[in-house]
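Undergrad: Sending over a structure as structure tokens; questions will come in a sec.
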């Protein structure tokens, strides 16, 4: 009998990608083969529910797979599956729905159904436990999950309901997983979580101690912190990152609004002064840091003046890149009951304005480095005869493709901006 074939589909955050990669390793270890969707006997879908659009994408993907491959088993997990299991189960063709609480049981459930034609019942309501995960499929970079869940409960967000309370893997286990990643040949790890800097609730350890523990792992040459709340970006974390040869000058920090009135309505845990102060503290030690910032526009009650305040604040702190999202009503989130909902066309125009600002800021950040030297970790993809990679401070660089440099870090002189947004790179070592 030939091996059963599985396709994997991931929507949403880097944490989901790390978890899907771990599920894929479980199937591979049991003799299943990874396949394209049209050839698969089984589809595993790891879902997102951060916005209404994310929910719709999940439903559309499930229906498409059921329609184009009607005989395949469809197993759905993730945040949308946690919050809306009945909605998903009503979609024709779906066989298994497991929320985040039971994600670790997904392989067993699918294997039982595929090989024996039956399912073992399992409890999926409570969101607890920790599903350890990391990705190993990329040639150069891995996502390592160290934390899950969130205790903050911001007014716009349902992730605490989908992921549960803040919890984490022990530092010793995270370090062991980093060693596994190094053994697979990858040189860069992106540390991921729902509220990564809140690490430590489960084990009584501290985030700074996690960073110190990972820093000692042989074979990993670069670390990036995928996202950290501004109130958790402490002086201690900043100083350690600046002193470490492995942790890169690259921070992704959720701002959400540059207006203190809206931050209060959102139930965020800082002010714009605090946010600006954290960026300034980083720049004092790492002047060329890449800052990526999340922003939500069109939050209930956001006036034109509030938006302009946000725009002006962002322009003043000058990050390198913006991730801009229109506000999306989530039924379980407190903000869904707020008055003063913003017309979608108004929100779309605000997204457009901030996206244009992001393009200008990103271009300016890259161009400031033209003529300087940096170290680039080259990736394996070739496009139009060129390869690309990233500097420590996350500037994308391209150069003529040369296989010998793939997954290697080389010294590069940064040249002009290219049509694709990268800087031309001349390898100098």
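Undergrad: Going residue by residue through region 170-187, is there one that turns out to be under 24 Å from residue 257 (Cα atoms) and either more than 16 Å from the chain's Cα centre (by Cα) or surrounded by 21 or more Cβ atoms within 10 Å (Cβ to Cβ) (or both)? So that I can check it myself, show each step before the final result.
TA: Residues of region 170-187 that are under 24 Å from residue 257 (Cα atoms), as a first pass: none.
Checking region 170-187: not a single residue is under 24 Å from residue 257 (Cα atoms) and either more than 16 Å from the chain's Cα centre (by Cα) or surrounded by 21 or more Cβ atoms within 10 Å (Cβ to Cβ) (or both).
Undergrad: Take the residues in region 245-270 that are touching a helix residue (DSSP H, G or I) at 6+ places or on another chain (Cβ under 8 Å) and surrounded by fewer than 15 Cβ atoms within 10 Å (Cβ to Cβ); name whichever of them is nearest to residue 316 (Cα to Cα).
TA: The extreme case among them is 261.
Undergrad: Same structure again: Which is in contact with a strand residue (DSSP E or B) (Cβ under 9 Å, 6 or more places away or on another chain) and at negative phi, of 213, 200, 258?
TA: Numbers: 213 fails: in contact with a strand residue (DSSP E or B) (Cβ under 9 Å, 6 or more places away or on another chain); 200 fails: at negative phi.
Every option except 258 fails the conditions.
Undergrad: What is the residue count in region 341-386 for residues that are buried (at least 16 other Cβ atoms within 10 Å of the Cβ), more than 30 Å from residue 308 (Cα to Cα) and within 22 Å of the chain's Cα centre (by Cα)?
TA: So the answer is 4.
Undergrad: Right, residue 344: at pLDDT 95 or above, touching a strand residue (DSSP E or B) at 6+ places or on another chain (Cβ under 8 Å) and within 20 Å of residue 158 (Cα to Cα) or not?
TA: Values: at pLDDT 95 or above: yes; touching a strand residue (DSSP E or B) at 6+ places or on another chain (Cβ under 8 Å): yes; within 20 Å of residue 158 (Cα to Cα): no.
It is false that residue 344 is at pLDDT 95 or above, touching a strand residue (DSSP E or B) at 6+ places or on another chain (Cβ under 8 Å) and within 20 Å of residue 158 (Cα to Cα).
Undergrad: Tell me which residues, restricted to region 128-173, are part of a loop (DSSP other than H, G, I, E, B) and closer than 24 Å to residue 338 by Cβ.
TA: 150, 151, 152, 153, 154, 155, 156, 157, 158
Undergrad: Just need a number here: residues in region 188-219 that are surrounded by 21 or more Cβ atoms within 10 Å (Cβ to Cβ) and either assigned to a loop (DSSP other than H, G, I, E, B) or assigned by TED's automatic domain parsing to the domain that holds residue 12 (or both).
TA: 4
Undergrad: Let me ask another. Being over 23 Å from the mean Cα position of the chain (by Cα), in a helix (DSSP H, G or I) and farther than 24 Å from residue 303 by Cα is the filter here, so list the residues in region 243-284 that pass it.
TA: Residues satisfying the conditions are 243, 277, 280, 281, 283, 284.
Undergrad: While we're looking at this one, here's another question. Of everything in region 285-295, what is assigned to a loop (DSSP other than H, G, I, E, B) and surrounded by fewer than 16 Cβ atoms within 10 Å (Cβ to Cβ)? Give them in sequence order.
TA: Filtering region 285-295 for residues assigned to a loop (DSSP other than H, G, I, E, B) gives 286-289.
Of everything in region 285-295, just one residue is assigned to a loop (DSSP other than H, G, I, E, B) and surrounded by fewer than 16 Cβ atoms within 10 Å (Cβ to Cβ), namely 287.
Undergrad: Considering every residue within region 87-103, establish whether at least one is surrounded by fewer than 21 Cβ atoms within 10 Å (Cβ to Cβ) and modelled with pLDDT under 90.
TA: no
Undergrad: Within region 386-404, is even one residue assigned to a helix (DSSP H, G or I) and farther than 30 Å from residue 164 by Cα? Let's see the steps before the verdict.
TA: Step one: filter region 386-404 for residues assigned to a helix (DSSP H, G or I), giving 403-404.
If we keep only those that are farther than 30 Å from residue 164 by Cα too, we end up with 403-404.
Yes; the residues of region 386-404 include at least one that is assigned to a helix (DSSP H, G or I) and farther than 30 Å from residue 164 by Cα.
Undergrad: Can you pull out every residue in region 177-233 that is without any contact (Cβ under 8 Å) to a residue 24 or more places away in the chain and closer than 25 Å to residue 255 by Cβ?
TA: Listed by number, the list holds a single entry, 206.
The values are calculated or read from the model by the stated rules, or taken from the named source; none is laboratory data. Remember, predicted model here, so these are calculated numbers, not experimental data. Using ideal geometry, Cβ is built from the backbone for each residue, glycine included, and neighbour counts are taken over all protein chains shown.
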